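These notes concern the structure reproduced below.
The values are calculated or read from the model by the stated rules, or taken from the named source; none is laboratory data. Source: prediction; values computed, not measured. As a convention, Cβ positions derive from the backbone with ideal geometry for all residues, glycine included, and neighbour counts pool all protein chains shown. Surface areas here come from the heavy atoms of the whole protein model, side chains and all, with no ligands, DNA or RNA. Shrake-Rupley method; radii C 1.70, N 1.55, O 1.52, S 1.80 Å.
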Amino acid sequence: MHHLSNYRHVMVDMETLDVGNSPVCFSLSAVTFYIEKKMSRNELLRVDNTFHTAIDIDSQIKNGLTVRNGALLFNIKNNNDFLEKCLSGCGISLLSPYDALVNFQKYIKEINNTNVKNTKTLVWANGAISDHVWLDSLYSKYELENPIPYSDRMCFRTMRESFPDAFTLYSNDHDSLKDAANQAISMMNAYSFVTGNKNE
């Protein structure tokens, strides 16, 4: 795990209405961090460090992205406040899928341009076959390029399962921004645990 300090990191999280490969996505969020430098939740959630938007679902359904009863029911039962906020655009920016994806391209480009380590940025998601695949599907449907190269895509779940004793503080709130921050904090804590780095 020591080599991860060579890179800048982004943690991505999405909330969706299906768990298949081409789901409707109603929120997309990300936070940026350096894994060896522990950041507080407030630091991670600074506006200039985050990407956070709700995404209009009508266009996605018309474009062939999928909704499933089970996923919709799960969100209504367990995540209704955040789902309602995203659908209404109340307290969160609600964008068309095209605009959200273009803005995310700009976010990743800015991160790469301000990477003080002058190396590539690793982009993490909670599952190699979930968020990364879902982003690919969205970008493909709207004929845009996913700004994350395959070589830079990392799986948070794989790391968590490889070092179970180091990821004791992980939690999933089903709010994409909170979850991105939770996962980033968990990664920084795990790095400290495994390497002995005090994350000053």
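State which residue is most open to solvent (accessible area, probe 1.4 Å) when the search covers only region 49-71 and only residues that are touching a helix residue (DSSP H, G or I) at 6+ places or on another chain (Cβ under 9 Å) and in a helix (DSSP H, G or I).
Looking at the filtered set, the residue picked out is Ser59.
Does at least one position in region 121-129 carry a residue that is open to solvent by 10 Å² or more (accessible area, probe 1.4 Å), farther than 19 Å from Phe33 by Cβ, under 15 Å from the mean Cα position of the chain (by Cα) and modelled with pLDDT under 90?
Yes, some residue in region 121-129 is open to solvent by 10 Å² or more (accessible area, probe 1.4 Å), farther than 19 Å from Phe33 by Cβ, under 15 Å from the mean Cα position of the chain (by Cα) and modelled with pLDDT under 90.
Collect the residues in region 169-197 that are over 17 Å from the mean Cα position of the chain (by Cα) and either touching a residue at least 12 places away in the same chain (Cβ under 8 Å) or surrounded by 17 or more Cβ atoms within 10 Å (Cβ to Cβ) (or both), keeping them in residue-number order.
Answer for region 169-197, where residues must be over 17 Å from the mean Cα position of the chain (by Cα) and either touching a residue at least 12 places away in the same chain (Cβ under 8 Å) or surrounded by 17 or more Cβ atoms within 10 Å (Cβ to Cβ) (or both): Leu169, Asn189, Ala190, Tyr191, Ser192, Phe193, Val194, Thr195, Asn197.
Hey, could you check region 133-148 for residues that are in contact (Cβ under 8 Å) with a residue 24 or more places away in the chain and either touching a Lys or Arg at 6+ places or on another chain (Cβ under 8 Å) or of a type in the set (D, E, K, R) (or both) and say which is nearest to Glu15 (Cα to Cα)?
Lys141
Find the residue count for region 1-48, including only residues that are assigned to a loop (DSSP other than H, G, I, E, B), under 15 Å from Thr119 (Cβ atoms) and of a type in the set (Ser, Thr, Tyr).
Result for region 1-48: 2.
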